[in-house]
There are 2 protein chains.
Amino acid sequence: MATLRDVAARAGVGIATVSRALNGTGPVSEAVRRRVEEAAAAVGYVPNGVARGLVTGVTRTFALILPDITNPYFPSLARAVEDAARVRGYAVVLGNSDNDPDQEAAYVRLFRERGVDGMIIASSRDASALARVTGPVPVVLIDRRVPHWDVDCVVTDNRRGIADAVQHLAGLGHRRLVHLGGPEGVESASTRAQAFMDACRELGVEVVDLTRGPFTAESGYERGRRLLKSRRRFTAVVAANDLIACGFLQAAFEAGRAVPGDVSVTGFDDVLVARLANPPLTTVRQPTYRAGQLAVERLAARLDRPGEPVRVDVLKPELVVRSSSGPAR
Amino acid sequence: MATLRDVAARAGVGIATVSRALNGTGPVSEAVRRRVEEAAAAVGYVPNGVARGLVTGVTRTFALILPDITNPYFPSLARAVEDAARVRGYAVVLGNSDNDPDQEAAYVRLFRERGVDGMIIASSRDASALARVTGPVPVVLIDRRVPHWDVDCVVTDNRRGIADAVQHLAGLGHRRLVHLGGPEGVESASTRAQAFMDACRELGVEVVDLTRGPFTAESGYERGRRLLKSRRRFTAVVAANDLIACGFLQAAFEAGRAVPGDVSVTGFDDVLVARLANPPLTTVRQPTYRAGQLAVERLAARLDRPGEPVRVDVLKPELVVRSSSGPAR
DNA sequence: TATAGGAGTGAAAACGTTTCCACTGAGATC
DNA sequence: GATCTCAGTGGAAACGTTTTCACTCCTATA
């Protein structure tokens, strides 16, 4: 590979001058700049980012650690992060933690060795151990807060979102509700479950059942089947995300229960399947793309101005009413 | 940050010895090894991968360039690549090309500067220009071949997949078929469209319509609406992917056409929505995860043994029959 | 006419590793 | 007893940049 030296030799100037000419840092005469550029093109010079990184201490790379890119909520987050990073000249390395704190920590270590400039983490479990392994590299938490860890954070208002869903159902006359919750130990799932209880109490609505389980369609299907078999009476279910809701939809379909005729269903996230489901899912839309953008903005800001106070951004969700919810009968 | 020098000073040995002790390269006495390890722990030493990369010329990083991580086919690919890369000690940087050859080339340049050891690319358009910008860094193509570029490649047998779908429908008595194709200029989409024509001719089935468009549900919905309004007679549609198929499903539902009663539908890929759709989609399953794994294996192999001849892996798809296809009436 | 200042340039240090080479001492071989 | 080998070790070079510093001209100012 051609290096600065090669370019310098060919252009008949010093290596420092080449660096200045190519990067536009420091003064270089017009004639020399042209000569350098020609020489660079001629030898096919490609700057060596590794060497640059060594001297500047900066790699222009962010790490993004997610539970599982395969869960349809996260691709749009990843996409947003990637887009926002790129316009700022950053590359993004990806890690899937599978909600396993050990794997998460392993990734943090790996990326730290790689010298990433910052990390965006949708953290698993309580992860208080993370702070130790993270060291001095800036972190912004996304989608899930980590209790007692004082770092930048962008989340959506889960309480509000669930409250909107419950209120919507209550307004339709539903008085006996079920919550199909997300996994134990995941902050957003716990917050949603708690918010469900609180909203029901406040509105005088009965909580017929509340279970916790993975954020998958299988989980929703399984729990739905069991629930529908159990003969417990309820007229609506609030799922902790769209996948669980879709799984329930399937179970209801198989059990011959009409949605929303017999039972109303709401989801959370508004991922693609929510729109494509039959019936299309009433759900709480998260500003996912915005969240990803914002996380990158925060991270970039923190790199520019390390002293700034920690910021927590809470994004407003939005209830989108489709056909999976209707009047209680 | 603590460096090798700090560790060496604390352990009272030379810097070279520390490097050997920590990496297990070269002989080190048991006593010294212990002292070094203690010292490293004490000062919180983290190896600097950037410096290492500069001297070894290796970053242990792969690039993965996809059209759009938001398209549900790609997350499982990304996941597979990431998993396989990690067990080999590689990190993965991600790029979304949006099927834009310029963006794709920009990413290739960016990642080359970053010094990735290899790239896995689901290439956009014909991309013959890619070979030039890619330089000496090893590439394996995934999901889509690019004509006249002699590099490693792992794809699935699109011809076979489409042929299976057409044959399935023909076996159910369908004689008037429609193809909702993928975007012009994307190799896999073109191959599928061509395979559709060929299979129909071979089986004596009439091609009522064949359109090309983006791999999205919107595209399937729009084209479906137009088609259903047009009063052209057909009894089954073969979509180029599941998203298009789901879009068509919606259009059919709105138009009051029963699936599969009035019209049968098949998809391609077998992504999550295919299973969750109503009715569940008959589709051609791609061994997506396997493809991602294989791509990493190829790349790793090429790095180990640069001289090896180019390999093209063609994976077998599998028709999975669900409820969106039934006998022609 | 002296002088201050700035544009333009190159040599060299620095970043933190890996690795080559040289050296020491101890045990093995003749 | 002389020589050889090899484990164990440290010094120093090298990787390809950026950046500091010093130097040379040249122009503007007094």
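If I filter the range B:222-278 down to residues being more than 12 Å from chain A (Cβ to nearest Cβ) and among the polar types (S, T, N, Q), which single residue comes out as farthest from A:Phe253 (Cα to Cα)?
So, considering only residues that are more than 12 Å from chain A (Cβ to nearest Cβ) and among the polar types (S, T, N, Q), the one farthest from A:Phe253 (Cα to Cα) is B:Ser230.
Which ones in the range B:47-65 are more than 8 Å from DNA strand C (Cβ to nearest atom) and assigned to a helix (DSSP H, G or I)?
B:Gly49, B:Gly53
Would you please name the residue that is surrounded by the fewest Cβ atoms within 10 Å (Cβ to Cβ), looking only at residues in the range A:212-235 that are within 23 Å of A:Arg145 (Cβ to Cβ) and in contact with a Leu (Cβ under 7 Å, 6 or more places away or on another chain)?
Ranking the candidates gives A:Thr216 first.
Those residues that are in contact with a helix residue (DSSP H, G or I) (Cβ under 6 Å, 6 or more places away or on another chain) and either within 6 Å of DNA strand C (Cβ to nearest atom) or within 14 Å of chain A (Cβ to nearest Cβ) (or both), I need them from the range B:21-45; list them, please.
Hits for the range B:21-45 are B:Ala40, B:Val43, B:Tyr45.
Tell me, which residue of the range B:9-32 that is crowded, with 16+ Cβ neighbours inside 10 Å, aliphatic (A, V, I, L, M) and more than 7 Å from DNA strand D (Cβ to nearest atom) is farthest from the chain's Cα centre (by Cα)?
Ranking the qualifying residues of the range B:9-32, first place goes to B:Ala11.
Can you confirm whether A:Val18 is farther than 19 Å from B:Phe111 by Cα and within 14 Å of chain B (Cβ to nearest Cβ)?
Taking the combined requirement at face value, the residue does not satisfy it.
If I filter the range B:51-68 down to residues being within 9 Å of DNA strand D (Cβ to nearest atom) and surrounded by 16 or more Cβ atoms within 10 Å (Cβ to Cβ), which single residue comes out as nearest to the chain's Cα centre (by Cα)?
The residue in question is B:Gly53.
Check off (1) without any contact (Cβ under 8 Å) to a residue 40 or more places away in the chain; (2) surrounded by fewer than 18 Cβ atoms within 10 Å (Cβ to Cβ); (3) within 16 Å of DNA strand D (Cβ to nearest atom) for B:Ala42 and give me the number that stays unchecked.
With (1) without any contact (Cβ under 8 Å) to a residue 40 or more places away in the chain; (2) surrounded by fewer than 18 Cβ atoms within 10 Å (Cβ to Cβ); (3) within 16 Å of DNA strand D (Cβ to nearest atom) applied to B:Ala42, the lone miss is (3).
Just checking: which of the strands (runs of 3 or more DSSP E) contained wholly in the range B:70-184 hold 2 or more residues that are within 14 Å of chain A (Cβ to nearest Cβ), surrounded by 20 or more Cβ atoms within 10 Å (Cβ to Cβ) and on the phi < 0 side of the Ramachandran plot?
B:91-96, B:118-121
As an exercise: evaluate B:Ala78 against (1) within 16 Å of DNA strand D (Cβ to nearest atom); (2) under 30 Å from B:Val273 (Cα atoms); (3) of a type in the set (A, V, I, L, M) and give the number of the one condition it does not meet.
B:Ala78 satisfies every listed condition except (1).
For the range A:285-308, does any single residue satisfy the condition of being farther than 22 Å from B:Pro280 by Cα, touching a Lys or Arg at 6+ places or on another chain (Cβ under 6 Å) and assigned by TED's automatic domain parsing to the domain that holds A:Ala84?
yes
Would you please list the contacts, defined by Cβ atoms under 8 Å and residues six or more apart or on different chains, that run from a residue in the range B:1-15 that is assigned by TED's automatic domain parsing to the domain that holds B:Val43 to a residue that is within 12 Å of DNA strand D (Cβ to nearest atom) and charged (D, E, K, R)?
Correct list of pairs: B:Ala11/B:Arg35; B:Gly12/B:Arg35; B:Val13/B:Arg35; B:Ile15/B:Arg5.
Would you mind finding the one in A:Val263, A:Val238 that is under 15 Å from A:Pro279 (Cβ atoms), hydrophobic (A, V, I, L, M, F, W, C) and either surrounded by 22 or more Cβ atoms within 10 Å (Cβ to Cβ) or not assigned by TED's automatic domain parsing to the domain that holds A:Val208 (or both)?
Residue meeting the stated conditions: A:Val263.
Does at least one position in the range B:302-324 carry a residue that is hydroxyl-bearing (Ser, Thr, Tyr) and over 17 Å from B:Ala217 (Cα atoms)?
Scanning the range B:302-324, I find at least one residue that is hydroxyl-bearing (Ser, Thr, Tyr) and over 17 Å from B:Ala217 (Cα atoms), so the answer is yes.
The values are calculated or read from the model by the stated rules, or taken from the named source; none is laboratory data. Since we're looking at a predicted model, the values are computed, not measured. Virtual Cβ from ideal backbone geometry, glycine too; neighbours counted across all protein chains shown.
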